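To start, the structure under review is shown below, and the notes come after it.
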Amino acid sequence: MKFEEYVYQRPDFSGIARQLEVWTQRIKDSNKIEEIQEALKEIFAIKAEEMSMETIAFIRNSIDTQDAFYEKEVEFIQEEGVILNACNHTLSTVLTQHSLRKELEKIYGSYWFKRMDLSLKTFDESIMGLLTEESKLSLEYDKIMASAQIEFDGKVNNLNQIRKYLSSTDREMRKNAMMKINEFLKENEEKIDTIYDKLVHIRTDMAKKLGYENFIDLGYALMGRTDYDKVDVDKYRKQVLKTLVPVVENIIKENLERIHCPEGKFYDLGLEFLDGNPVPKGNKDELVQKALKMYCEMSKETKEFFEFMVEENLLDLETKPKKANGGYCTYIPNHKAPFIFSNFNGTKGDVDVLTHEAGHAFMAYCCRNTIENPDLGWPTSEACEIHSMSMEFFAYPWIELFFEGEEKKYKISHMNNALIFIPYGVCVDHFQHMVYENPDACAEQRKKMWKKCEKMYTPWRDMEGMEMYEKGAFWFNQGHIFSSPFYYIDYTLAQVCALEFYLDSLDNREEAWSRYVHLCKLGGSMSFLELLKEAGLHNPFKEGSIQNIVNRLLPVIQKIKL
């Protein structure tokens, strides 16, 4: 069955809630493991069905944000679906307090129970209305960013399309494209500031109702972080600031000299080579066929996986009018099907999608027949991003397929950007900590917070002449800040781990790949640090971890350049 044939039916949330209540009560009343297992099997099936309908609606709304039917369905799900939070809260309470908890932990794993212990601190019926408002505001931001219709280069461009020009070899074109983005943000500045102000206050209100001092600890709990906290993250940020920021400054300086712009502005940072950045050869269909060849040769597991993705039309990759911004991978439980969504724009990022999002999808595919519990299908986000970012590096032996003569340029760019990204990701995280520590700050104060973080972690960004960015509004572009607070640093943690997988693969590719597949098959059955231990990866919070990666990677980059 192909994705377009997948049947969608609006979830009956009241009916689902009643079913969950019945099975939860049976668990509470039972003192027999077999009866509890049967009840949980039913609950898992109910959750899988609801998650499938929710995901199908979300995907189809992303593909066409102006499809009235799915727009209403997503709004309905976001407004009415919060009723299930109470059901999940009750189920978690019953299971964590059950007299047979120890026996159940032996069957379902102690980590699931730790996650439920944590989740009990993230919900109360008193915040249901706030959760609904939060979802509406997040969707409102997405609609604003998807609404961009920017006239440029004789075309009408959305934000994904115009960003292609930021890597143009024509400096004026880069500058003018950046100015157009600035104009769009300025036109929507008041709306975006208002949305974010409301989100900050809603999240702060939720935290206080749940007994937290502010949203930060609640945000960490919502991210499912059971084995590290804000103190660990603060130490990690300091490592990045001390060790990596100076290294990246040198990379940026070298890049600007290479394109003959030693005093380059922010709009120059998108170009890395004087004759142009590496560009994939081929249209969307040709790139997918090249990806299919790559995955068929990479391993038997990836061959089976990607053939399934192509056969069932589980990739929507082309930029189209009315399509949502960005890219993601999600999973439809009832079809045991990952789905990849993206917006190709003719840059090297198109190939990154076919590796990065495919890494997520590969993990989901690996677990589709082995992990029954939908709560454990995906690990927490920092572990999820290891699958995706590592796959980008495991694809290196096939990069020539996509770039045909520009393999060297791609690898230099990709490795440099892996390092360049980490300080920016840490900047986003530090900014959010400042925001939620000072929830009553006004819009201008928040922009000053961003500028302070930007100067710390990305001092090479010269925003002169770009009004919105000069005043500190670059974060308007970062959707995670609006929809998934405290998520973004997870990409940086995963990047460190992915770089370690890559460096290990240079020593012994077969052994590194085996560890990677093992990690994927574990899904969300363990915590972040437990998964790292299983995969033979180092703890990125440990002092010296960033320095170790830098020491190993820089000689590799230099060797490729020669």
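The values are calculated or read from the model by the stated rules, or taken from the named source; none is laboratory data. Note that this is a predicted model, so its numbers are computed, not measured. Glycine also receives a Cβ, built like all others from the backbone with ideal geometry; neighbour counts cover every protein chain displayed.
Tabulated data
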item	result
Enumeration of residues in region 302-332 that are at pLDDT below 95 and either on the phi < 0 side of the Ramachandran plot or buried (at least 19 other Cβ atoms within 10 Å of the Cβ) (or both)	Glu318, Thr319, Lys320, Pro321, Lys323, Ala324, Asn325, Gly327, Tyr328
Selection count, region 483-513, where residues are within 21 Å of Arg552 (Cα to Cα) and of a type in the set (Ser, Thr, Tyr)	4
Selected residue [in contact (Cβ under 8 Å) with a residue 60 or more places away in the chain, closer than 30 Å to Val94 by Cβ and part of a helix (DSSP H, G or I)] from Ile195, Ile127	Ile127
Residue in region 1-24 that is surrounded by the most Cβ atoms within 10 Å (Cβ to Cβ), counting only those that are part of a helix (DSSP H, G or I) and without any contact (Cβ under 8 Å) to a residue 40 or more places away in the chain	Trp23
Selected residue (only one of Phe266, Phe339 is aromatic (Phe, Trp, Tyr), in contact with an Asp or Glu (Cβ under 7 Å, 6 or more places away or on another chain) and surrounded by 15 or more Cβ atoms within 10 Å (Cβ to Cβ))	Phe266
Output for region 535-553, where each listed residue is touching a helix residue (DSSP H, G or I) at 6+ places or on another chain (Cβ under 6 Å) and among the charged types (D, E, K, R)	Arg552
Residue under evaluation Tyr70, criteria (1) buried (at least 20 other Cβ atoms within 10 Å of the Cβ); (2) over 30 Å from Glu318 (Cα atoms); (3) at pLDDT 95 or above, criterion not met	(2)
Set Asp462, Asp429, Asp440: member being in a helix (DSSP H, G or I), of a type in the set (Asp, Glu) and touching a helix residue (DSSP H, G or I) at 6+ places or on another chain (Cβ under 9 Å)	Asp429
Condition check for Cys261: touching a residue at least 12 places away in the same chain (Cβ under 8 Å) and either crowded, with 17+ Cβ neighbours inside 10 Å or part of a helix (DSSP H, G or I) (or both)	yes
The lone exception for Val279 - which of (1) among the aliphatic types (A, V, I, L, M); (2) part of a helix (DSSP H, G or I); (3) crowded, with 16+ Cβ neighbours inside 10 Å it fails	(2)
Residue within region 215-238 that is of a type in the set (Val, Ile, Thr), surrounded by 18 or more Cβ atoms within 10 Å (Cβ to Cβ) and more than 22 Å from Gly425 (Cβ to Cβ) present	no
Candidates Leu493, Leu529, Leu499, Leu506 - the one that is under 24 Å from the mean Cα position of the chain (by Cα) and more than 28 Å from Phe266 (Cβ to Cβ)	Leu529
Tabulated pairs, region 538-557, first closer than 19 Å to Val426 by Cβ and in a helix (DSSP H, G or I), second among the polar types (S, T, N, Q) and modelled with pLDDT of 95 or more, C-beta under 8 angstrom, 6+ apart or interchain	Ser545/Gln239; Ser545/Asn539; Ile546/Gln239; Ile546/Thr243; Gln547/Gln239; Gln547/Thr243; Val550/Thr243
When residues of region 365-401 are limited to those that are touching a residue at least 60 places away in the same chain (Cβ under 8 Å) and among the β-branched types (Val, Ile, Thr), the one farthest from Ile46 (Cα to Cα)	Ile386
Criterion: without any contact (Cβ under 8 Å) to a residue 12 or more places away in the chain and hydrophobic (A, V, I, L, M, F, W, C) - qualifying residue of Val231, Val247, Val200, Val240	Val231
Residues of region 27-45 satisfying the condition of being assigned to a helix (DSSP H, G or I), free of Cβ contacts under 8 Å to residues at least 60 places away in the same chain and among the charged types (D, E, K, R)	Asp29, Glu34, Glu35, Glu38, Glu42
Unmet criterion (only one of (1) closer than 30 Å to Asp64 by Cα; (2) touching a residue at least 24 places away in the same chain (Cβ under 8 Å); (3) not in a loop (DSSP other than H, G, I, E, B)) for Met206	(1)
Tally of residues being touching a residue at least 60 places away in the same chain (Cβ under 8 Å) and over 23 Å from the mean Cα position of the chain (by Cα) across region 449-476	12
Close pairs from region 139-150: first closer than 14 Å to Lys180 by Cα, partner surrounded by fewer than 18 Cβ atoms within 10 Å (Cβ to Cβ) and not basic (Lys, Arg), Cβ under 6 Å, at least 6 apart	Gln149/Val156
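Each row is one residue, and each column tells you yes or no for (1) under 30 Å from Val279 (Cβ atoms); (2) within 27 Å of the chain's Cα centre (by Cα).
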position	(1), (2)
Glu103	no, no
Lys106	no, no
Leu120	no, yes
Asp142	yes, yes
Ala146	yes, yes
Gly154	yes, no
Asn160	yes, yes
Asn182	yes, yes
Leu185	yes, yes
